[in-house]
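In what follows, a single structure is set out as structure tokens and then discussed.
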Amino acid sequence: MQKFMIISPHTHEECTMVVKQTLAIGYLIHFYWGCKSGDHTGYAMIEANNADEALLSIPTMIRKKGKAIGLVQFDPEKVKNW
């Protein structure tokens with residue numbers, strides 16, 4: 001499995017429905033939301049086999065707006081030897 005940063009933008013008008021749908025699909029506790037600060041975006045770290053699978057954490061109504069960014073963590077010893 002790989003880690004993905006999920007970025008799930010939505011509009012103010014979509015906000016309530018997106019949060020409720022995220023709860024319904026079982027991912028609400030994975031997300032942090034910028035909505036109360038005026039940034040209508042959900043952010044999450046998800047483990048998945050690939051980006052398409054990671055995007056399943058976003059409700060279908062806004063999934064096409066979302067991003068799944070594959071992340072790696074660098075090993076300090078390997079970085080020293082670059």
Tabulated pairs, the stretch 33-53, first under 11 Å from His10 (Cα atoms), second surrounded by 15 or more Cβ atoms within 10 Å (Cβ to Cβ) and among the aromatic types (Phe, Trp, Tyr), C-beta under 6 angstrom, 6+ apart or interchain: Gly42/Phe31; Gly42/Trp33
Every pair of residues 6+ apart whose Cβ atoms lie under 7 Å, when the first sits in the stretch 65-82 and is surrounded by 10 or more Cβ atoms within 10 Å (Cβ to Cβ) while the second is part of a helix (DSSP H, G or I) and modelled with pLDDT of 95 or more: Gly66/Leu55; Ala68/Ala51; Ala68/Ala54; Ala68/Leu55; Gly70/Ala51
Qualifying residue in the stretch 36-45 (condition: touching a strand residue (DSSP E or B) at 6+ places or on another chain (Cβ under 6 Å), surrounded by 15 or more Cβ atoms within 10 Å (Cβ to Cβ) and among the polar types (S, T, N, Q)): yes
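Looking only at the stretch 8-23, which residues are in a helix (DSSP H, G or I) and either touching a residue at least 12 places away in the same chain (Cβ under 8 Å) or among the β-branched types (Val, Ile, Thr) (or both)? Show your work before the answer.
Step one: of the stretch 8-23, the residues in a helix (DSSP H, G or I) are 15-23.
Within the stretch 8-23, Cys15, Thr16, Met17, Val18, Val19, Gln21, Thr22 qualify.
The values are calculated or read from the model by the stated rules, or taken from the named source; none is laboratory data. All figures in this text were calculated on a predicted structure; none of them were measured in a lab. No Cβ is skipped: glycine too gets one built from the backbone with ideal geometry, and neighbour counts run over all protein chains shown.
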